[in-house]
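As structure tokens, the structure follows; a few thoughts come after it.
Every number here is computed from the coordinates shown, using simple stated rules; none is lab data. No experiment lies behind these values; they were computed from the predicted model shown. Cβ placement follows ideal geometry from the backbone for every residue including glycine, while neighbour counts extend to all protein chains displayed.
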């Protein structure tokens, strides 16, 4: 089988450095960890069967991940534009050794993050209304 038809790399997927947790921000639908909507905020559109949006249309891999931001203001700005996504912003400290991966996608400071929902929930250190 020849892969001559394969184009240049589309995504560069990174692991979390072992000595440096990464701080990221995610729009979420609840500030209560016991609320199923909170955990649901850490499930991808792919996992929940929702149709792809934006860049997800060109890549199932992106649809399998979650949008997160380097700056809280970026998450807050997106939440203001699309309030149906959620009314809160979660601050996460994503550490190595938990199976997390990330890729820079979209605008500067936007990351697609892959991880197991329960471990992502465990990485949340703060939640606040935007």
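Anyone know which of 108, 28, 94 comes out most mobile in the 10 Å Cα GNM of the chain?
Of the options given, 108 has the highest mean-square fluctuation.
With n ≥ 4 as the cut-off for DSSP H runs, can you work out [θ] at 222 nm for the chain, using -39500 (n - 2.57) per run divided by the number of residues, rounded to the nearest 500? The partial results should precede the final answer.
Numbers: 5 runs with 29 residues, N = 130.
The helix contribution divided over the chain gives -5000 deg cm²/dmol.
At 0.36 nm per residue, minus the direct Cα-Cα distance, what do residue 32 and residue 47 gain on full extension? Give it in nm, one decimal, please.
Computed gain between residue 32 and residue 47 is 3.2 nm.
Computed FRET efficiency, Cβ-Cβ of residue 82 and residue 126, R0 22 Å: what is it to the nearest 0.05?
0.55
What translational diffusion coefficient, in µm²/s and rounded to a whole number, does the Stokes-Einstein relation yield for the chain at 10 °C and a viscosity of 1.306 mPa s, taking the hydrodynamic radius as the Kirkwood radius over Cα pairs?
D = 104 µm²/s.
Mind pulling the angle between the C-alpha long axis of helix 72-81 and the longest principal axis of the chain? Nearest 10 degrees, somewhere in 0 to 90.
That works out to roughly 90 degrees.
Compute a Gaussian network model of the chain, connecting alpha carbons closer than 10 Å, and tell me which residue from 75, 47, 95 fluctuates the most.
47
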